[in-house]
Amino acid sequence: MAHIIVVGNEKGGSGKSTTSMHIATALVRMGHSVGALDLDLRQKSFGRYVENRKSYVEKHGVDLACPDYHDLPEIDSKSLQPGENVYDHRLSAAVATLEPDSDFILIDCPGSHTRLSQVAHSLADTLVTPLNDSFVDFDLLARVDPETNKILGPSVYSEMVWNARQLRAQAGLPPIDWVVVRNRLAAQNMHNKQKMGEALESLSKRIGFRVAPGFGERVIFRELFPRGLTLLDLRDIGVKGQMNISNVAARQELRELVKSLNLPGVEVDF
């Protein structure tokens, strides 16, 4: 069976699509077959990222690793069983289509609570939650006292992950490996970094996730999306000046992120 990676966060602007694309293409470059789905049926940022990549490949005649991206299939409502949810059926049909030919299936969830996102979380073998490295976004995981920063309890998103874990346990499936990724790490403001690190470490023990380093705040990511490119492509496309110190550092961040996921059968070699 394919190992399912779900990238989920109920807040927008945390770098989910960037994280999804970089993980998916890195795995393909390392020789793994990767199926991909975008459950944000309105914006489809991840889906558009893949489309941009295919357009770049066709226009420039280069060979770039790309996941096998599929849209969710349309379902005739007459084919549903009594009480069956159409979105459940569309997601299960998409996963069933991808699974026979995939080592991994990466599912990018919308930045909001939806039925599709809820079901996808219950399918996750590995759950990746990108989080901006700021207390503004920390409440995605927990409610915090604004005066003392004391953790008061889990957030609605953390409760959804808990429910997904319960469903998997009831079905006899392995537990979810939940990895919270610290994105948009600033080069300065070490005090905030330290406080965030301490808060995440404390919360991780309470609600059961691991913390992994993500991507720093870099202009390069805004430039890559419209061309469908990733950090690992810069050396391949032959554009002078792309591999500056900042981009080399970002590539190392990607390497550390993929390593920290501890995915089965994956030996990071880039």
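The values are calculated or read from the model by the stated rules, or taken from the named source; none is laboratory data. In this text, all values refer to a predicted model and were calculated from it rather than measured experimentally. Backbone-built Cβ (ideal geometry, glycine too); neighbour counts: all protein chains shown.
Below are the figures for this structure:
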read-out	value
Residue check for S20: surrounded by fewer than 20 Cβ atoms within 10 Å (Cβ to Cβ), among the hydroxyl-bearing types (S, T, Y) and within 22 Å of L232 (Cβ to Cβ)	no
Top-ranked residue of the stretch 58-75 - restricted to ones that are among the aliphatic types (A, V, I, L, M) and farther than 23 Å from I5 by Cβ, ranked as surrounded by the most Cβ atoms within 10 Å (Cβ to Cβ)	I75
Residue within the stretch 33-54 that is touching a strand residue (DSSP E or B) at 6+ places or on another chain (Cβ under 6 Å), crowded, with 19+ Cβ neighbours inside 10 Å, among the small types (G, A, S) and assigned to a loop (DSSP other than H, G, I, E, B) present	no
Test: residue in the stretch 168-183 that is crowded, with 19+ Cβ neighbours inside 10 Å, more than 24 Å from R115 (Cα to Cα) and in contact with a helix residue (DSSP H, G or I) (Cβ under 8 Å, 6 or more places away or on another chain)	yes
Any hit, the stretch 260-268, residues being on the phi < 0 side of the Ramachandran plot and either without any contact (Cβ under 8 Å) to a residue 12 or more places away in the chain or of a type in the set (G, A, S) (or both)	yes
Answer from S33, S17, S55 - the residue that is touching a Phe, Trp or Tyr at 6+ places or on another chain (Cβ under 8 Å), in contact (Cβ under 8 Å) with a residue 40 or more places away in the chain, of a type in the set (G, A, S) and closer than 12 Å to G228 by Cα	S17
Among (1) in a loop (DSSP other than H, G, I, E, B); (2) in contact with a Phe, Trp or Tyr (Cβ under 7 Å, 6 or more places away or on another chain) - the single one V180 does not satisfy	(1)
Single condition E201 does not satisfy, out of (1) part of a loop (DSSP other than H, G, I, E, B); (2) exposed (fewer than 13 other Cβ atoms within 10 Å of the Cβ)	(1)
Pick from the stretch 114-155, criterion acidic (D, E) and surrounded by fewer than 20 Cβ atoms within 10 Å (Cβ to Cβ), ranking: nearest to A24 (Cα to Cα)	D137
Residue in the stretch 76-91 that is surrounded by 16 or more Cβ atoms within 10 Å (Cβ to Cβ) and modelled with pLDDT of 95 or more present	yes
Unmet requirement for F225, which otherwise passes all of (1) more than 17 Å from the chain's Cα centre (by Cα); (2) touching a residue at least 40 places away in the same chain (Cβ under 8 Å); (3) closer than 23 Å to E58 by Cα; (4) surrounded by 14 or more Cβ atoms within 10 Å (Cβ to Cβ)	(1)
